[in-house]
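Engineer: Okay, here's the structure, questions in a sec.
Just so it is clear, none of the values below were taken in a lab; they were calculated from the coordinates. For clarity, every value in this text was computed on a predicted model and none was experimentally measured. FYI the Cβ positions are ideal-geometry reconstructions off the backbone, even for glycines, and counts take in every protein chain you see.
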Amino acid sequence: MGLRVTAADEHGGIDLAEHSEAGYDLSPVYYSSYRVQKTPGPRTR
Amino acid sequence: MAIMEISAGDTAWVLVSAALVLLMTPGLAFFYGGMVRAKGVLNMMMMSFVTLGTVSVIWVLYGYSLAFGDSWNGLIGNPLQFAGLQGLMSPDAAVFTIPSLVFVAFQAAFAIIAVALISGAVADRMSFGGWTAFTILWATLVYFPAAHWVFAFDGAAAENGGWIANDIKALDFAGGTAIHINAGAAGLALALVLGRRLGFGTKPMRPHNMTLVMLGAGLLWFGWFGFNAGSALGAGTWAGLAWVNTLVAPAAAILGWLAVEKFRDGHPTSLGAASGVVAGLVAVTPAAGSVSPVGAIAIGILAGIGCAYAVGLKYKLGYDDSLDVVGVHLVGGMIGTLAIGLFADPETPAAVAGLFYGGGLDQMWRQAVGAFAVAAFSFVVTYGISLALGQDHGSARHCCR
């Protein structure tokens, strides 16, 4: 079975590796999962 | 077994206590969750929550029966006697003055928190699937037998009980041996098999949210009143004594831990205060019903000072007990369990005299045998379980700086 996650998963964070979740959403509002879908995102070149 | 008439007051108190003890596991999730880095907080909390799931189910299916069924040579209960809680739904089924099902509920919450405590030793690196399997195996092979040894008294839930409670007659009012020493020794074994976190000892791994830690410590303290005072299994003097001791021991331990920090580091910290609360609670758990409040203060100070120094051992000895399960639960449990041999007061309902009350060393050796037997059993079996489950997921361990 394996008790220990891989080094890459441990390095990147066990929340994302094991649950595909993050405890805190600290990204700017345009990239946040809480962004209202109708709000346009920033223009990119 | 129906021994006495069921008391409505006792039943109500133990039902409330069971809910208080159950709240300790989400409280532990906050306490541990705040202490890890931000990238691991959810998994840390999930380890407690999945334990609520696994242990509750197996407790009903066969766990209660293994822990409190009729004993086989004092070592383990009959797994079939109460399997699925059969025979316990009758109005006549009672443990002392409470219905058997209320006792089942109260002890279920104990089993859950005992397993969840171990998760702090392996933060940030144990796979969730591995942990889930571990909770079932560890509860079955380690906790249920140890709970039988310590908590199963002859004639209470079944005719014959465990060897530590009935033959050695070690005192463990609410689980200093069966829960805290047990979980602490298991945490050490599991941490040794799993190995250290990447960067342990070289990179700072500070708690990411101390407010969560303080919230968790508060919830733990609140729930611990059910843990200790509920263990009287009645609403009377014994519960009152345990309640007062559960107030003053952690209070004294806060002061002891902060004094060490001020003396050693120059700053009393919030992490020290929260850890002091837990250290004092752990130490007074076995002693809550057998020492006076003054004795509880002494035990709290000893635990606060002792555990504050003990948590530094992992850096000197090189094992990664991430959130100090060994330093607080194993060491604190040992301090409290052995201190009964010193501070047990014959005026308490336990009516046992320790060394300082003219009882000599008679109770001390009983406490030592119980404590070290459970610690050794837990360490060895947990080490075996961990090896059987497999240390590694099989991927390269050297991919990341």
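Engineer: Sort out for me the Cα centre separation of segment B:221-287 from segment B:189-203, rounded to whole Å.
Structural biologist: If we compute the Cα centre of each part, the gap is 29 Å.
Engineer: Let me ask another. Rounded to the nearest 500, what is chain B's calculated 222 nm mean residue ellipticity when only DSSP H runs of at least 4 contribute -39500 (n - 2.57) each, over all residues?
Structural biologist: Details: 14 runs with 229 residues, N = 401.
Helices in chain B give a 222 nm mean residue ellipticity of -19000 deg cm²/dmol.
Engineer: Another question, if that's okay. Once you have the alpha carbon radius of gyration of segment B:53-151, what is it after dividing by 2.2 N^0.38 Å, with N set to its residue count? Please list the in-between numbers first.
Structural biologist: Values: Rg = 14.2 Å, N = 99, 2.2 N^0.38 = 12.6 Å.
Compactness ratio reported: 1.12.
Engineer: Taking the Cα centre of segment B:8-389 as origin, sum charge times position over the Cβ atoms of Lys and Arg (+1) and Asp and Glu (-1), and report the length of that vector in debye to the nearest 20. Kindly include the intermediate steps, with their values, before the conclusion.
Structural biologist: Values: 13 positive and 16 negative charges, 294 e Å.
Here segment B:8-389 has a charge dipole of around 1420 debye.
Engineer: Got a sec? How would B:His208, B:His180 order by Cβ neighbour count within 10 Å, fewest to most? Display every interim value, and only then the final one.
Structural biologist: Details: B:His208 18, B:His180 32.
Ranked by crowding around the Cβ, least crowded first: B:His208, B:His180.
Engineer: Let me ask you something else. Provide Rg and Dmax in Å for the protein assembly as shown, with only Cα atoms included in the calculation.
Structural biologist: Over the protein assembly as shown's Cα set, Rg and Dmax evaluate to 22.1, 85 Å.
Engineer: Could you give the angle, 0 to 90 degrees to the nearest 10, between helix B:100-118's Cα long axis and the longest principal axis of the Cα atoms of chain B?
Structural biologist: It is inclined by approximately 20 degrees.
Engineer: Under a 5 Å amide H to amide H cut-off, with H placed in plane at 1.01 Å, what residues pair with A:Arg4 once short-range neighbours are removed?
Structural biologist: It is B:Ser127, B:Asp392, B:His393, by chain and number.
Engineer: In addition: Rounded, prolate or oblate for segment B:8-389? Axes are the square roots of the Cα gyration tensor eigenvalues, ordered a ≥ b ≥ c, and the cut-off for rounded is a/c under 1.5.
Structural biologist: Details: a/c = 1.59, a/b = 1.20, b/c = 1.32.
Cα axes put segment B:8-389 in the oblate bin.
Engineer: Right, next: Could you please rank B:Met45, B:Met210, B:Met126, placing first whichever residue has the fewest other Cβ atoms within 10 Å of its Cβ? Present the calculation step by step, with values, prior to reporting the outcome.
Structural biologist: Values: B:Met45 24, B:Met210 15, B:Met126 27.
By the 10 Å Cβ count, ascending: B:Met210, B:Met45, B:Met126.
Engineer: Could I get the Rg over Rh figure for segment B:98-221? Both from C-alpha atoms, Rh via Kirkwood, rounded to two places.
Structural biologist: Values: Rg = 17.2 Å, Rh = 16.5 Å.
Expressed as Rg/Rh, it is 1.04.
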